[in-house]
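K.L.:
Structure in structure tokens, see below.
The values are calculated or read from the model by the stated rules, or taken from the named source; none is laboratory data. None of the values given here were measured: they were computed from a predicted structure. FYI the Cβ positions are ideal-geometry reconstructions off the backbone, even for glycines, and counts take in every protein chain you see. With ligands, DNA and RNA removed, areas are computed over all heavy atoms of the protein, side chains included. Shrake-Rupley method; radii C 1.70, N 1.55, O 1.52, S 1.80 Å.
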Amino acid sequence: TLCVEAIDFDSQACQLRVKGTNIQENEYVKMGAYHTIELEPNRQFTLAKKQWDSVVLERIEQACDPAWSADVAAVVMQEGLAHVCLVTPSMTLTRAKVEVNIPRKRKGNCSQHDRALERFYEQVVQAIQRHINFEVVKCVLVASPGFVREQFCDYMFQQAVKTDNKLLLENRSKFLQVHSSSGHKYALKEALCDPAVTSRLSDTKAAGEVKALDDFYKMLQHEPDRAFYGLKHVEKANEAMAIDTLLISDELFRHQDVATRARYVKLVDSVRENMGTVRIFSSLHVSGEQLGQLTGVAAILRFPVAELSDQEDESSSEED
């Protein structure tokens, strides 16, 4: 049992090294002796803290719920068979399998075939709505041999227009059609290797972070009174309930000083209470590194807050 003093994450080996002093009698390590253990996926351990704050709990929840990290979904289909899957960075989960027996087309009579096909498409649409969380998913691949994917997408959006299905219509741009050899789950690998797909999927969660940072820089350029960075400034803006989007680096929640860490958590909770959006950036990503250069905390405001910059000017002139 270690009292943790330092942690080091090796992103290449995907290992977390935890260093600290031993606080429980043990035949291998003396009491109070320094020791390092390596944590890796599928190794069980118990973590105890005096206080679990909201940010930490939320991140554990998201890490444990595959639906949160799965920002890519896929529908692999052929006539009569479809698999609705979620693709996470580490695995593919089949969320629904749709099978409908479709009779062959007969000479001069295709109505049975067409009716069965329509019933099949309808069930796939229902499965998509039930299992795909469009707030998280940034891209939905529709893969099939032949023209099945095109016919299905045409049917789905025609129905969406008829029934005024806002969920599908608003997310239409997220659907991407690609070729696969069949409707079985293994055919998804071919679809994911498609160069058009890889460019679209390149770290989809990170794409949202990049856009938020880009919006911040634009705001800083055009309306500097609505873009603040640095903890003091952002806290002042939060007191005025002016924060629309808070950009914060996950590195700040790993600060060694508990009081400082609590200050950041309090800021995040407060922004959420005031109906603002909080984006926690990964420091292991390019956008997170850029945010780190801006003190790791920045905010886009709902309305200009000019007094802060004026106060700064006054105080600095007094000091002079």
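K.L.:
Taking region 160-185 on its own, how many of its residues are open to solvent by less than 50 Å² (accessible area, probe 1.4 Å), of a type outside the set (Lys, Arg) and outside any loop (DSSP other than H, G, I, E, B)?
P.N.:
5
K.L.:
Assuming HIS113 fulfils every condition listed in (1) under 23 Å from the mean Cα position of the chain (by Cα); (2) in the same structural domain as ALA187 (by the TED database) apart from one, which condition is it?
P.N.:
HIS113 satisfies every listed condition except (1).
K.L.:
Can you give me the number of residues within region 213-249 that are open to solvent by less than 10 Å² (accessible area, probe 1.4 Å) and either among the charged types (D, E, K, R) or assigned to a helix (DSSP H, G or I) (or both)?
P.N.:
The qualifying residues number 4.
K.L.:
Checking SER54 against (1) open to solvent by less than 30 Å² (accessible area, probe 1.4 Å); (2) touching an Asp or Glu at 6+ places or on another chain (Cβ under 9 Å), which test does it fail?
P.N.:
Status for SER54: all satisfied but (1).
K.L.:
If you don't mind, another one. If you go through region 132-158 one residue at a time, how many are under 15 Å from TYR121 (Cα atoms), open to solvent by less than 70 Å² (accessible area, probe 1.4 Å) and either among the hydroxyl-bearing types (Ser, Thr, Tyr) or within 29 Å of the chain's Cα centre (by Cα) (or both)?
P.N.:
Of the residues in region 132-158, 9 are under 15 Å from TYR121 (Cα atoms), open to solvent by less than 70 Å² (accessible area, probe 1.4 Å) and either among the hydroxyl-bearing types (Ser, Thr, Tyr) or within 29 Å of the chain's Cα centre (by Cα) (or both).
K.L.:
Being among the basic types (Lys, Arg) and within 29 Å of ASN133 (Cβ to Cβ) narrows it down to one residue among LYS236, LYS189, LYS232; which is it?
P.N.:
Only one candidate passes the filter, namely LYS189.
K.L.:
Considering each of VAL125, VAL137 in turn, give the residue that is in a loop (DSSP other than H, G, I, E, B) and farther than 14 Å from GLN78 by Cβ.
P.N.:
Going through VAL125, VAL137 in turn, just one is in a loop (DSSP other than H, G, I, E, B) and farther than 14 Å from GLN78 by Cβ: VAL137.
K.L.:
Tally the residues that are modelled with pLDDT of 90 or more and assigned to a loop (DSSP other than H, G, I, E, B), restricting the search to region 1-29.
P.N.:
3
K.L.:
Please tell me if VAL142 is under 27 Å from LYS211 (Cα atoms), of a type in the set (Val, Ile, Thr) and at pLDDT below 90.
P.N.:
Criteria not met by VAL142.
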